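S.K.: Below is the structure I would like to discuss, written out as structure tokens.
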Amino acid sequence: MPATRRIALAAAVALCAGLTLVGGAITIGLRMADWREPESEEDFEQVVLRAERLAREGVAAEPEETEFLDLDPYDDDDFEELVRDALDDLPDLLRNLVENHNVAVVISDGGRRRGAYGLYHGDGATRDDVPDRIVIYRDTLRRDFGHDPDLLRHQVTVTVRHELAHHIGFDELGVRDLGL
């Protein structure tokens, strides 16, 4: 076989392998993100403005918004249940990744200090030199989304998936591209 044919064949094989890997990463990302049409910029801006106002005022929710039917986001046990539900709702592939890689998921009230809803500590799914840990910040999630149980549940799920995406290897820009 001539050298140019071997080079062309090797290039075609490499291209196919690369496209397969990229397609797999995109599929995993979309499943992990539970992709839907993005919310409008106006809706997102309203959430941001409300969160900033509540943070400035040092309150967690509007007084009239604290009545809930089946979930009290200010009860620690209910909040832990939200995090457990978010983990249980992961696709099997991702749930196995958390369980098989011994990724600890902890709840903390240090979110205001860090200005975050969650944080990933570790060296990723491909290495095991540093213990992997996902921190879910209860205080900031309650502050910004505690007025609406469904919105809080959704944001806890998004936050868990966002931090898990970091464990898989996505940087912040990559996670945002996933819609998380």
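S.K.: Which net charge results when you count Lys and Arg as +1 and Asp and Glu as -1 among the other residues whose beta-carbon is under 13 Å from that of L49?
M.R.: Values: positive: R50, R53, R56; negative: E41, E42, D43, E45, E52, E57, D144.
Here the charged neighbours net out to -4.
S.K.: What net charge is computed for the residues neighbouring S108, neighbours being all others with C-beta under 15 Å from the C-beta of S108, Lys and Arg scored +1, Asp and Glu -1?
M.R.: +2
S.K.: Based on the alpha-carbon gyration tensor of the range 83-166 and its eigenvalue square roots a ≥ b ≥ c, which shape applies: rounded if a/c is under 1.5, prolate if not and a/b is larger than b/c, or oblate?
M.R.: Here the range 83-166 falls in the oblate category.
Readers should treat all values here as calculations from the given coordinates under stated rules, not as data from a laboratory. Remember, it's a predicted structure, so these values are computed and weren't measured experimentally. Every residue, glycine among them, receives a Cβ derived from its backbone with ideal geometry; neighbour counts consider all protein chains shown.
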